[in-house]
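For reference, the structure is listed below as structure tokens.
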Amino acid sequence: MVWQIELLVLGLAILFFFSTGLPVAFSFGILNIIGLYFLCGGETMLNMLSMSAYSSIVHFSFIAIPLFILMGEVLHLSGTVTLSFTAIRQWLRRLPGNLGLVTISSATLFGALSGASMASCATIGTIMLPEMKQAGYDKRLSIGAIIGGAGLAILIPPSVLMVIYAMLSQLSVGKLLIGGVGPGLLVAFCFALYVIIVAKISPHRAPMGDISPLPFWEKVKASKHFFAMAVIIFLVVGLIYLGVATPSEAAALGAAGAILIAALYRKLTWQVLSKAIMETVSISSMIFMILVGSLAFSKILAMTGASAELCNWVSHLETSKWIILAGMLIIILVLGFFMESASIMFIMIPIYMPIVAKLGFEPIWFSILVMMCIEVGVMSPPFGLNLFIMKGIAPDDVTMSDIYLGVIPFVLVHIMVIALVALIPPIATFLPNLM
């Protein structure tokens, strides 16, 4: 009964520290000091904490985190990524719900270039929300398309959260990143399909507007900006998939490519570069501090025997392992209603991964399912972060009720895709297995 009490105390303690508003890194730090002192051997273990803090993050793969952030910041702050939205608009202009499709496609592209869900929501929302309003789109449909599309940045590489997940779970960074491609594109397709269905059933909610034919050459000419972004996507996703570069090397090439393209477009000012570097340092420092605390927390779970005992207990439950899987994913979904996505990962991954190994689930497939559930949390009422980002950029006539009601259909579509990926694992594992 001792391990149950230790696990309960540790779990409630970290939730308590989070609820006080204390930064995540400090929450883990305080809990680790208390846990090591009282549960793992006193002062001797505290001395080991300082040494393990450095060794736990000195890995070549960790270089990918600041480089992916730098790449996204340069493209976002310089505005070069938004130039490709024009090409997307020209190719989709004659489809039902065209502006909704442009929104989802642009958010998917932005996610593949920045890996930042909140930045995607703010950027896409600022550009597309006024335009859809002017075109007569239903505001709830517009809001849902923006928030749903922005969440894809968590799943589609180069996702910083994916890299962190790989570090926490000791999985291949490259395979996990590539594993998000299939499910991410499937979610985007299903969102687009929903918009098309709504536009067909209720044309007044998504007016077509000007659908006069556009010469093919004009479409090709407009696509020149997209080709520049495609080069960066290839430098990151393509080289990782082909095995030519490690994720860290691909991140370096992507960051260099972003800086070069911004310079070629004459949008790389000293202000843009300095702000991008400062944002990269700030965000990366926060992530690494949290990583140190989270990895120490997982070591405490191992040293107390709580994680091993929990695995044995779960493996001996007289129930199907699929029911256990469903329960694990539902917990992630419920936590996503109230907690920030990174915090959920840092708490649950050290507990979940030993159970996954014990039950014999494919770790890449399971990890993609977890990331999809975390993605739902970012866009789910009542406390999804992107909901408040949307409220901040939306006009005064958009209420929180509009935002909640607008995003719910996209949340339901996303949950349906999660169920589909759970039933058909190759959707997530096919591309990683080819690497």
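The values are calculated or read from the model by the stated rules, or taken from the named source; none is laboratory data. These figures come from a predicted structure and were not determined experimentally. When we count neighbours, we look across all protein chains shown, and the Cβ atoms used for this are built from the backbone with ideal geometry, even at glycine. All accessible areas refer to the heavy atoms of the entire protein, side chains included, with ligands and DNA or RNA removed. Shrake-Rupley method; radii C 1.70, N 1.55, O 1.52, S 1.80 Å.
Of note:
- Of all residues in region 110-133, those that are in a helix (DSSP H, G or I) and within 18 Å of Ala230 (Cα to Cα) total 6.
- Taking region 175-191 as the range and being buried (at least 24 other Cβ atoms within 10 Å of the Cβ) and part of a helix (DSSP H, G or I) as the test, the residues that pass are Leu176, Leu177, Ile178, Gly179, Pro183, Gly184, Val187, Phe191.
- In region 392-412, the residues that are within 21 Å of the chain's Cα centre (by Cα), at pLDDT 80 or above and surrounded by 15 or more Cβ atoms within 10 Å (Cβ to Cβ): Ile403, Tyr404, Gly406, Val407, Ile408, Pro409, Phe410, Val411
- Residues in region 73-97 that are among the polar types (S, T, N, Q) and open to solvent by 10 Å² or more (accessible area, probe 1.4 Å): Ser78, Thr82, Thr86, Gln90.
- Taking the listed residues Lys175, Lys133, the one that is closer than 26 Å to Trp365 by Cβ, over 15 Å from the mean Cα position of the chain (by Cα) and not aromatic (Phe, Trp, Tyr) is Lys175, with no other qualifying.
- From the options Met128, Met118, residue that is open to solvent by 10 Å² or more (accessible area, probe 1.4 Å) and either within 23 Å of Ser401 (Cβ to Cβ) or modelled with pLDDT of 80 or more (or both): Met118
- Qualifying position, being modelled with pLDDT of 85 or more and more than 23 Å from the chain's Cα centre (by Cα), among Ala228, Ala255, Ala262: Ala262
- All of (1) at pLDDT 75 or above; (2) small (Gly, Ala, Ser); (3) open to solvent by less than 30 Å² (accessible area, probe 1.4 Å) hold for Gly11 with one exception: (1).
- Scanning region 366-391 for residues that are of a type in the set (Phe, Trp, Tyr), at pLDDT below 80 and buried (at least 19 other Cβ atoms within 10 Å of the Cβ) yields nothing.
- Only one of Val272, Val236, Val281 that is touching a helix residue (DSSP H, G or I) at 6+ places or on another chain (Cβ under 8 Å), assigned to a helix (DSSP H, G or I), open to solvent by 70 Å² or more (accessible area, probe 1.4 Å) and not charged (D, E, K, R): Val281
- Restricting region 413-435 to residues that are open to solvent by 70 Å² or more (accessible area, probe 1.4 Å) and outside any helix (DSSP H, G or I), the residue that is farthest from Ile147 (Cα to Cα): Met435
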